[in-house]
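Working notes, structure below.
Where a number appears in this text, it was derived from the coordinates with a stated rule and is not lab data. Every value quoted in this text rests on a predicted model; they were computed, and no experiment measured them. Please note: Cβ atoms are built from the backbone with ideal geometry, for glycine as well, and neighbour counts cover all protein chains shown.
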Amino acid sequence: MKIPEIISTGNPLVKRILRLQQKLAERKSSGLFVVEGRREVSLALRSGVRVAHLLVCPEIYTADAAYPVDLDEAAGRTLVEVSRAAYNKLAYRENKEGILLVAGKQLPGLDQIILKPDPLVLVLEALEKPGNLGAILRTADAAGMDAVLICDPGTDVFNPNVIRSSLGCVFTVPISVCKPAEATDWIRRLPAGPSGKKPKILAAALQKASDYYLEDLSGPTALVFGAEDKGLSDYWREHADALVRIPMSGSIDSLNVSVSVAILAFDAVRQRRTGK
């Protein structure tokens with residue numbers, strides 16, 4: 001079967017993909033989003049996304065053994081070859097990678113998330129910057145976190161900037177969008193694992209907080225972080241088991257939220273590996 005080709009930058013599919021990249025309303029109404037890059041596309045396909053179109057520019061694309069994409073399987077079904085001009089019209093990184101995916105994915109509900117014993121969960125409240133969310137998802141993947149719960153989201157999980165800055169980790173970590181009350185109820189019901197400890201909610205804050213490394217992070221734990229400018233809402237301050245902070249020795253009193261998440265997440269990893 002002949003593979004469809006797109007040469008013109010004015011092609012209807014090119015225009016539709018541009019709308020998906022630029023407009024949240026378009027992504028919501030269609031249930032579709034755009035993924036760019038070999039690593040990101042490979043991870044998206046591996047996660048089982050629903051594929052609408054797989055666009056490849058033969059002049060640019062080369063296979064990556066570390067992040068394989070089965071073009072033969074897509075040929076004649078979803079694969080579309082595009083010219084360099086058409087690809088560069090769509091790509092954030094012109095003349096690089098040479099592959100784009102248009103796909104859909106349903107985020108799991110809380111009851112669909114599969115957890116390992118003594119899970120480590122991340123809760124994010126009202127984050128607004130796609131770059132921060134993407135960086136946090138990379139950390140969550142690297143630390144082996146069991147789930148990321150997003151409460152009152154300020155940005156779309158499938159915003160192209162989130163996908164790009166996460167390096168595709170938006171597809172490797174279970175993500176669920178929920179209300180704060182739903183999140184706390186779910187966390188309180190987390191099963192005790194080998195540690196035999198009850199679930200604990202630790203919320204990052206600046207005031208009336210203890211240093212994070214004084215807390216036991218080896219049992220079922222949820223780490224909660226608030227919006228970049230406002231921090232946590234009163235809800236989480238009231239429902240957390242403890243407020244924790246990162247001690248600061250300089251002239252400022254806070255770090256970028258993605259850095260703060262990494263510090264606490266990897267201290268949890270350290271405690272779980274060393275038992276200390």
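Across segment 89-103, computed HN-Hα scalar couplings (Karplus, 6.51 cos²θ - 1.76 cosθ + 1.60, θ = phi - 60°) run 5, 9, 7, 6, 10, 5, 6, 10, 6, x, 9, 9, 10, 10, 8 Hz from first to last residue, x flagging Gly and Pro. Taking 0.36 nm per residue of sequence separation and removing the Cα-Cα distance, the Ile114/Ala142 pair yields an extension gain of 8.3 nm. Bridge orientation summary for the chain: considering DSSP beta bridges with both residues in this region, about 30 percent are antiparallel. If you take all other residues with their beta carbon under 9 Å from the beta carbon of Ile201, and give Lys and Arg +1 and Asp and Glu -1, the sum is +1.
Taking 25 Å as the straight-line reach from the Cα of Lys15, the lysines in range (excluding those fewer than 8 positions away in the same chain) are Lys2, Lys23, Lys28, Lys89, Lys96, Lys105. Under 5 Å from the amide H of Val80 lie the amide H atoms of Leu54, Leu55, Val56, each residue being 5 or more positions distant or on a separate chain, with H modelled from the backbone and absent for Pro and chain starts. Evaluating 6.51 cos²θ - 1.76 cosθ + 1.60 at θ = phi - 60° for every residue in segment 56-71, the Karplus couplings come out as 10, 9, x, 5, 10, 5, 10, 5, 10, 4, 6, 10, x, 10, 7, 6 Hz, glycine and proline recorded as x.
Amide H neighbours of Lys200 under 5 Å, at least 5 residues apart or on other chains, H built in the peptide plane: list them. Those qualifying (amide H under 5 Å, at least 5 residues apart or on another chain) are Thr221, Ala222.
Rounded to the nearest 0.05, the FRET efficiency derived from the C-beta distance between Asp64 and Ile3 at R0 = 22 Å is 0.60. Shown in residue order for segment 25-36 are the 3J(HN,Hα) couplings computed by the Karplus curve 6.51 cos²θ - 1.76 cosθ + 1.60 at θ = phi - 60°: 4, 5, 5, 5, 5, 8, x, 10, 8, 10, 10, 10 Hz (x for Gly and Pro). With the helix formula -39500 (n - 2.57) applied to DSSP H stretches of n ≥ 4, the chain reaches a computed 222 nm mean residue ellipticity of -9000 deg cm²/dmol. For segment 89-172, the set of GluC sites (Glu not before Pro) satisfying both a DSSP loop assignment and a count of at most 16 other C-beta atoms within 10 Å is given as Glu94, Glu128.
For Asp185 and Ser251, what does the FRET efficiency come to when R0 = 41 Å and r is the distance between their Cβ atoms, rounded to the nearest 0.05? Calculated transfer efficiency: 0.50.
Within the shell of other residues whose beta carbon sits under 15 angstrom from the beta carbon of Ala25, the net charge comes to +3, with Lys and Arg scored +1 and Asp and Glu -1. Amide H contacts for Asp118 (H built 1.01 Å from N in the peptide plane; partners 5 or more residues away or on another chain; cut-off under 5 Å): Gly193.
Descending by average beta-carbon neighbour count within 10 Å, the peptides 57-64, 106-113 line up as 57-64, 106-113, the highest first. What separates the Cα centres of segment 227-267 and segment 85-161 is a distance of 21 Å. Within the chain, the whole DSSP H helices whose Cα atoms reach 24 Å or more along their own axis and whose mean Kyte-Doolittle score is at least 0.0 are 257-274. Per-peptide packing, taken as the mean over residues of other Cβ atoms within 10 Å, places 174-181, 35-42, 3-10, 154-161 in the sequence 35-42, 154-161, 174-181, 3-10 from highest down.
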